[in-house]
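Notes to accompany the following structure.
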Amino acid sequence: MEAFRLMKELKANFEQEANYLPKEAGLSLIESTQQNGNGISAKCRDAKVEDLWSLTSFFGYGTQTFVLAVNLLDRFLAMMKVQPKHLACISIGCLHIAAKVLEEECNVSTTHELIRISQCKFTVSDLSRMEKIISEKLNLQFRPVTALTFLHLYHAIALSHTSERKETLNLDKLEAQLKACLCRIVFSKAKPSVLALSLLTQEIESLQSVDMQEIAERIQAHLKIADSDLLYWRELVAKCLADYASPECSKPDNKKLVWIVSRRTAQHLQGSYYGPELPTIPEGAWDESESEDLSDDASSGEECLSSSLGSDAEGLYFPTHYCSKGRKAHTS
């Protein structure tokens with residue numbers, strides 16, 4: 001009965017997935033835009049998605065929140081002509097909307113905190129207006145069918161046949177691989193059902209499980225996914241994950257915060273680090289008039305937080321058994 005229910009739910013989501021795809025013409029326009037042109041380039045979009053991954057990890061949001069934020073971002077960018085200077089506000093707006101939809105209210109960061117941590121230059125009112133625009137353009141469709149939807153269903157269907165596969169088919173690993181793919185705009189063109197099945201079959205092949213391969217083939221036949229489509233996206237997935245696993249690839253990680261302070265504050269911090277050179281005080285010769293009050297300037301200067309990108313191979317969302325250990329973090 002459980003397997004029947006899952007297959008029925010799978011079919012229902014399959015029939016709805018096309019309603020939540022970004023416009024392919026808009027995505028193609030982004031891919032053809034030059035890096036320093038008037039519009040949003042693929043490289044610029046991908047960089048913002050990596051930032052969303054980092055922010056998602058920092059605030060402790062779930063994978064669903066990240067996937068929804070990327071879906072909202074791509075759908076919006078594919079239908080609107082956007083200037084590069086507005087991309088940061090749009091991407092943060094998508095993340096904030098996704099968090100408010102999926103996270104517990106007590107866990108959703110405040111707008112002010114989100115802007116502060118992301119080090120964006122827009123205001124709270126700017127972000128509020130942008131969220132309203134995004135909501136209107138996307139017709140308040142904040143519960144889309146995504147590749148993560150199918151990945152969870154495929155995983156549940158595989159496990160429904162026997163409990164012995166629970167330890168071998170790692171959902172966390174599959175989710176991490178999906179997030180790596182979503183950092184490339186090309187995968188926004190894939191049907192979510194096909195992208196998820198590509199990830200699943202890729203993992204099953206590495207496990208060399210004949211039983212699970214049969215389950216994947218049944219899913220493919222049930223959804224009538226063509227062999228050519230699956231092979232095409234599997235090849236792109238394999239290349240993406242190979243590139244992602246390489247030491248040369250910088251990866252979003254849990255936030256590593258670095259203080260950026262004013263020159264005046266830095267001078268005080270430097271002085272306190274090395275220790276002040278104080279004259280020897282003779283016994284019984286203390287003069288209160290010689291004491292110096294440093295509290296006036298101790299907190300002067302503007303302070304803000306900056307994020308860095310590091311290797312996700314050691315982070316929560318990319319298990320250490322997937323990537324090689326010991327990679328150095330890349331800091332921006």
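The values are calculated or read from the model by the stated rules, or taken from the named source; none is laboratory data. Not measured: the values here are computed from a predicted model. Here the Cβ is made from the backbone with ideal geometry for all residues, glycine too, and neighbour counts use every protein chain on show. Only protein heavy atoms, including side chains, enter the accessible area calculation; ligands, DNA and RNA are left aside. Shrake-Rupley method; radii C 1.70, N 1.55, O 1.52, S 1.80 Å.
So between K23 and H86, what do we pick up on full extension, going 0.36 nm a residue minus the alpha carbon distance?
The span from K23 to H86 would gain 20.7 nm if fully extended.
Quick check: pseudo-label points 7 Å beyond the Cα along Cα→Cβ at E105 and A47, how many nm apart are they?
The answer from the label model is 3.8 nm.
Please report the projected area of the stretch 171-246's Cα convex hull averaged over all directions, in nm². Walk me through the numbers on the way to the answer.
Working: hull surface 19.5 nm².
One quarter of the hull surface, i.e. the mean projection, equals 4.9 nm².
Probe radius 1.4 Å, ligands and nucleic acids ignored: give me the carbon and sulfur share of the accessible area of the stretch 61-199 as a rounded percent. Could you put the intermediate results ahead of the total?
Details: 2790 of 5760 Å².
After summing per-atom areas, the C and S share lands at 48 percent.
Please state, rounded to one decimal and in Å, the Kirkwood hydrodynamic radius that the stretch 121-218 gives when every pair of distinct Cα atoms enters the mean of 1/r.
Kirkwood hydrodynamic radius for the stretch 121-218: 15.5 Å.
At what distance in nm do the modelled label points of S32 and D227 sit from each other, each positioned 7 Å from its Cα along Cα→Cβ?
Distance between label points: 3.4 nm.
So for the pair H112, E2, with labels modelled 7 Å out along Cα→Cβ, what separation do we get in nm?
Rounded to a tenth, the inter-label distance reads 4.8 nm.
Working with all protein chains in place, sort W233, W53 by solvent-accessible area computed with a 1.4 Å probe, largest first.
Largest to smallest exposure gives the sequence W233, W53.
Can you tell me how the stretch 83-130 classifies by the Cα gyration tensor, rounded, prolate or oblate, using a/c under 1.5 as the rounded cut?
Judged from the Cα gyration tensor, the stretch 83-130 comes out prolate (a/c at least 1.5, a/b above b/c).
Going by average Cβ density within 10 Å per residue, which order do the peptides 18-26, 42-50, 70-78 take, highest to lowest?
So the peptides 18-26, 42-50, 70-78, ranked by packing, come out 70-78, 42-50, 18-26.
For the stretch 35-175, what is the convex hull (Cα atoms) projected area averaged across all directions, in square nanometres?
9.6
Once you order the gyration tensor axes a ≥ b ≥ c over the Cα atoms, which shape class does the stretch 1-66 get: rounded for a/c under 1.5, otherwise prolate or oblate by comparing a/b with b/c?
oblate
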